[in-house]
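Only one structure is covered here, and it is reproduced in the block below.
The values are calculated or read from the model by the stated rules, or taken from the named source; none is laboratory data. This is a predicted model, so every value here is computed, not measured. Cβ: placed from backbone, ideal geometry, glycine included. Neighbour counts: every protein chain shown. Remember, those area values only see protein heavy atoms, side chains included, never the ligands or the DNA or RNA. Shrake-Rupley method; radii C 1.70, N 1.55, O 1.52, S 1.80 Å.
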Amino acid sequence: MKWREAKIIAFDTETTGLDPIEDRIVQFAFEIFDPPQFTAKLIGLCGTDGVSISDSAAHVHGITNEMVAGKPSFDSRLPEILDFLSFIIKYSKSNYFLVGYNTPFDLAFICAALQRCNLELDIDPLRVVDPVIFARMVWKYGNKLGEVAQRLNIDAGKKHDAGWDAKTAVRVLHSLEDVPATLDELLTMQNDGIRAWEKRTGHEYRDTLKMVGGI
């Protein structure tokens with residue numbers, strides 16, 4: 001399957017803090033890129049189930065407790081989100097994959113919510129592509145999403161907005177040069193990049209992916 005011709009489920013989250021167990025998702029985005037354009041999306045601000053947004057998190061994404069007061073939580077919206085994703089997957093006829101930037105962070109929060117609700121996400125974790133891995137192969141430093149987008153002359157819109165970040169991750173992937181044409185080859189290259197990054201940093205990238213049967 002040529003990945004540039006496949007349907008992409010782009011995703012991103014913003015959260016109350018850094019702990020996927022104790023903290024909560026305050027904004028999410030799932031956007032469908034059906035080449036050559038984005039065709040569908042499910043985006044929303046979320047209540048926090050009483051968990052306060054930390055000052056440091058609010059400084060990053062600009063979402064305050066007042067902005068999400070009274071809104072349904074991410075957990076309560078999971079059935080709606082899963083129905084949306086299931087519809088996309090069903091009609092993609094397996095011609096799809098997922099894209100997120102620095103996916104272990106977002107997947108950790110999504111997986112924690114699924115576990116709290118005793119729900120499952122019927123998506124093959126081997127179809128998750130993370131453009132930051134490829135960016136690190138090209139540039140040793142400065143690989144935040146906004147920095148990479150600027151290098152590639154991509155309008156990243158509002159930083160740390162889930163909708164904008166999901167779109168930008170897809171545009172970054174499509175703008176990278178010297179990447180293979182098929183999804184299988186792309187995933188093989190990604191795995192090589194993950195192993196190289198882990199060896200260089202001593203950090204385990206794949207812990208979160210293993211939570212959903214990952215690579």
Calculate how steeply helix 103-116 sits against the longest principal axis of the alpha-carbon atoms of the chain, using the helix alpha-carbon long axis, and give the answer as 0 to 90 degrees to the nearest 10.
40
DSSP bridge pairs, segment 1-119: antiparallel proportion in percent, nearest 5
75
Which value does Rg/Rh take for segment 72-130 over its C-alpha atoms, Rh per Kirkwood?
0.96
Compute and list, largest first, the equivalent-ellipsoid semi-axes of segment 105-148 from the alpha carbon gyration tensor, each √(5λ) rounded to a whole angstrom.
29, 12, 6
Express in Å², to the nearest 10, the accessible area of Asp178 obtained by rolling a 1.4 Å probe over the protein heavy atoms while all chains stay in place.
140
With viscosity set to 0.692 mPa s and temperature to 37 °C, compute the Stokes-Einstein D of segment 98-210, Rh being the Kirkwood radius across alpha carbon pairs; µm²/s, no decimals.
220
Assuming R0 = 35 Å, can you tell me the calculated FRET efficiency for the pair Arg200 and Leu18, based on Cβ-Cβ distance, to the nearest 0.05?
0.95
Shape category assigned to segment 46-108 from the gyration tensor of Cα positions, a/c cut at 1.5:
oblate
Counting Lys and Arg as +1 and Asp and Glu as -1, each charge on the Cβ, what is the dipole of the chain about the Cα centre in debye, to the nearest 20?
480
C-alpha long axis of helix 162-175 to longest principal axis of the chain, angle in °
0
Label segment 58-163 by shape, choosing from rounded, prolate and oblate, from the square roots a ≥ b ≥ c of the eigenvalues of the Cα gyration tensor; if a/c is under 1.5 it is rounded, and otherwise prolate applies when a/b is larger than b/c, oblate when it is not.
oblate
Is the C-alpha gyration tensor of segment 1-96 telling us rounded, prolate or oblate? Criteria: a/c under 1.5 is rounded; beyond that, a/b larger than b/c is prolate, otherwise oblate.
prolate
For q = 0.08, 0.09 Å⁻¹, Debye-computed log10 I/I(0) when each Cα of the chain counts as one equal scatterer:
-0.26, -0.33
Taking the convex hull of the alpha-carbon atoms of segment 17-56 and averaging its shadow over every direction gives an area in square nanometres of 3.9
Along the Cα→Cβ direction, 7 angstrom out, place labels at Glu120 and Glu66. What is the inter-label distance in nm?
4.4
For the chain, take the longest principal axis of its alpha carbons; what is the angle in degrees between that and the long axis of helix 183-201, to the nearest 10 within 0 to 90?
70
Check cross-link reach from Lys159 to the lysines: straight Cα distance under 16 Å, and skip same-chain residues fewer than eight apart.
Lys144, Lys167
Order of 7-20, 31-44 by packing, highest average Cβ count within 10 Å first?
7-20, 31-44
